[in-house]
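I have placed the structure first, in the form of structure tokens, so that the comments after it can refer back to it.
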Amino acid sequence: MQDFSLITAIAIALGLATAGGFLARAVHLSPVIGYLLAGFLISPVTPGYRADPAAIQQLANIGVIFLMFGVGLHFNLRDLLAVRTIAIPGAIVQVIAASSVGTGIGLAFGLPLRDSLVLGLAISIASTIILIRSLEDRGLLGTIHARVVIGWLIAQDIITVVVLAIMPSLGDHAEGPPWQSLALALARGALFVALMLLIGARLLPRILSLVARTGSRELFVLAFVATALGIATSAAAFGLSIALGAFIAGVAVSETETSHQVAADVVPLRDAFAVLFFVSVGMLLDPDAARANPGLFLAILAAVLFVNAAIAFAVAAVFPFPGRTALVVGAGLAQLGEFTFIVGSEGMREGLMSEQTYAIVLLVAAISIILNPVAFSTLGTLERILRQLGPIWRFVDRQGEIPEPQVPRSGHVVIIGYGRVGELTGHALGQLEIPFVVVEVNLDRARALNAAGIPAIWGDAGTREVLERCLIQHARAVCITVPDESTAFVATATARSLNPAVPILVRARTGGEIPLLRELGANEVVVPEYEGGLEIMRQALVALGFDPQEALHLSNAVRDIHYQAEAFDHPI
């Protein structure tokens, strides 16, 4: 009789994870919550089917490898260097401060020193996956705030990699005194990284290119999977964690000419096995751990939701960036995720963290993921409160000397946001010699525009003072091109109140925003996704031999129908 227990466990785990992820997204939560719930349902603490934890854990290790391989593959040093003045020192200070708080909580509740240290490290690291989802939902991706907080988390990732490198040297199997084990771990880690990156620079490009020339997709996938698993498991020979080995494997492959195809092919493998990793974490969820030690549970929860956010906000506020950037950093770091799970599981494997402490950390992580959208929804209220505290807000919102451009007195166009969309509009106006002024929240960009002879006002377009500085009362038109939906809404309403007659054209993220923007005063609303589809349709008709004017007429007709349908389907 064949044993199908492992296949049964995988099928049930993935089935429940699919259902849980779907339900989580239906209520606007991260799918990770659904995956954790799926693991909880097949865990030993719940009635019904119980999966074999050891078998699921082995598959979860593959999930860790592919997760860390993907992180290394997409590791973008340019993103970090672009905001290095705030992200690198900010992340270092924040991780040290948050780790100290977590360590202090552990010691205060009688945990051993090593357990407390790992606890502090685990709750100091936020999830990039959860963060990006929250930024997307709030329309903040592409803003300076998003670039700063993503760079911050990239710096956190690097710190985590270093932590993973030294954890085995501090575990129960470490030999010699701690300082000797730590020095040995760092030496082994440096040697391993040097060897793997050397192989990545010399050997991997040749191997992957040779396999790619065969034209066989399955051989190519097999080659990079073998590379990821091989380098990850070889890290164990150096006394390092497989998570660190997988990260280095990803960095090594990212330097090859085939990295883009690897990135595309690894996604389904990473997603499938990563789900099993989250399911395995969910199997360790135990509400009894919180009931057994409610004080420790509440202290860690408060540290993650409030203390971490306060530390991140305070550290970010020291740097000369917009006040909203500090608020976004604070909200973005008020959650835990995949790296917390990895650090915690590595700590438990090395005997550095007890199962009870890890179970409490898992519960706190799940709650923080659920509540993170709430943290982002409070940003507007917090900003209004801080603005009422004049001196404090002026300190938080400072960016150095504000440029004083020469704003046209009348007959000009106000362009709010000078990213790719705003720049195209400005270029066209410049060619036609139509005067315009730019409102830009990025101080460096505002300074560069003024240096190039383009009048630019630095500030938040949602405030009356900034728009009045643009002399919007005498403007010929207003173009709002920012990707941040909340800024677009507020700027539209403020611009309309300051100039009831000016034409206002607004960029929207989705069709569902059209009726609200029109209600707030927009004359025209443009959805880039729709416009891209309409242009592809028009070009396709021309390529098929249709008359260009006829294709343009049909495109305009479809545009009118589509925008009217959105307004009808989403009434105010």
In the full protein assembly as shown, how much of Leu541 is accessible to a 1.4 Å probe, in Å² to the nearest 10? 30 Å²
Label zone at Ser410, where the point sits 7 Å out along the Cα-to-Cβ direction: region 476-517 residues whose backbone N lies under 12 Å: 476
Is any helix in the chain, taking whole DSSP H runs, at least 27 angstrom long along its axis by alpha carbon and on average at least 1.6 on the Kyte-Doolittle scale, and which ones? 5-26, 144-170
For the Glu550, Phe109 Cβ pair and Förster radius 60 Å, calculated FRET efficiency rounded to 0.05 is 0.20
Using +1 on the beta carbon of Lys and Arg, -1 on that of Asp and Glu, and nothing else charged, what's the dipole of the chain about the Cα centre, debye to 20? 780 debye
Nearest-0.05 FRET efficiency for Ala292 and Gln431 at R0 = 60 Å, using Cβ-Cβ distance, is 0.25
Contact order relative to length of the chain, as percent, for alpha carbon pairs under 8 angstrom and 6 or more apart: 15 percent
Could you tally the net charge around Ala495, taking each other residue with its Cβ under 12 Å from the Cβ of Ala495, Lys/Arg +1 and Asp/Glu -1? +1
Kindly report, to the nearest 10 Å², the accessible surface of His412 as traced by a 1.4 Å probe over protein heavy atoms only. 0 Å²
Where nothing but the Cβ of Lys and Arg (+1) and of Asp and Glu (-1) is charged, how large is the charge dipole of region 421-500 around its Cα centre, in debye to the nearest 20? 200 debye
With a 1.4 Å probe and all protein chains kept in place, how do Asp286, Asp52 rank by accessible area, largest first? Asp52, Asp286
Cα→Cβ-extended label distance, 7 Å offset, between Val267 and His562, nm: 2.1 nm
Could you tell me the relative contact order of region 298-428? Use alpha-carbon pairs under 8 Å, at least six residues apart, and round to a whole percent. 30 percent
With every protein chain left in place, what is the accessible area per residue of the chain in square angstrom, probe 1.4 Å? 46 Å²
Looks like region 410-477, by Cα gyration tensor root eigenvalues a ≥ b ≥ c and the a/c under 1.5 rounded cutoff (else prolate when a/b is bigger than b/c, oblate otherwise), is oblate
Which entry is the computed semi-axes √(5λ) of the Cα gyration tensor in Å for this structure: (i) 45, 29, 25; (ii) 42, 26, 25; (iii) 46, 34, 22? (i)
Whenever you get a sec, compute what percent of the accessible area on the chain sits on carbon and sulfur atoms (1.4 Å probe). 65 percent
For region 446-537, rounded, prolate or oblate, judged on the Cα gyration tensor with a ≥ b ≥ c (square roots of eigenvalues), a/c < 1.5 rounded, else prolate if a/b > b/c? oblate
Once you charge only the Cβ atoms, +1 for Lys and Arg and -1 for Asp and Glu, what is the size of the charge dipole of region 205-303 about its Cα centre, to the nearest 20 debye? 140 debye
Taking the Cβ of Val542 as the centre, find all other residues whose Cβ is under 14 Å away and add up their charges (Lys, Arg: +1; Asp, Glu: -1). -2
Within the chain, what's the longest run with no GluC sites (Glu not before Pro) in a DSSP loop and at most 10 other beta-carbon atoms within 10 Å? Give the range, please. 1-174
Computed [θ] at 222 nm, deg cm²/dmol, the chain (DSSP H ≥ 4; -39,500 (n - 2.57); rounded to nearest 500): -22500 deg cm²/dmol
For a Förster distance of 41 Å, can you work out the FRET efficiency between the beta-carbons of Leu210 and Ser377, rounded to the nearest 0.05? 0.20
Under 15 Å from the Cβ of Val275, count the other residues' Cβ atoms, weight Lys and Arg +1, Asp and Glu -1, and hand me the total. 0
Region 223-363: C-alpha gyration tensor shape, a/c 1.5 cut-off, then a/b vs b/c: oblate
Please give the Cα centre distance for region 455-492 versus region 285-320, rounded to the nearest Å. 37 Å
Extension gain (nm, one decimal) between Arg217 and Ala54, 0.36 nm per residue minus Cα-Cα: 55.4 nm
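The values are calculated or read from the model by the stated rules, or taken from the named source; none is laboratory data. Note that this is a predicted model, so its numbers are computed, not measured. Neighbour counts run over all protein chains shown; Cβ positions are idealised from the backbone, glycine included. When the accessible area is computed, the model is the full protein with side chains, heavy atoms only, and any ligands, DNA or RNA have been set aside. Shrake-Rupley method; radii C 1.70, N 1.55, O 1.52, S 1.80 Å.
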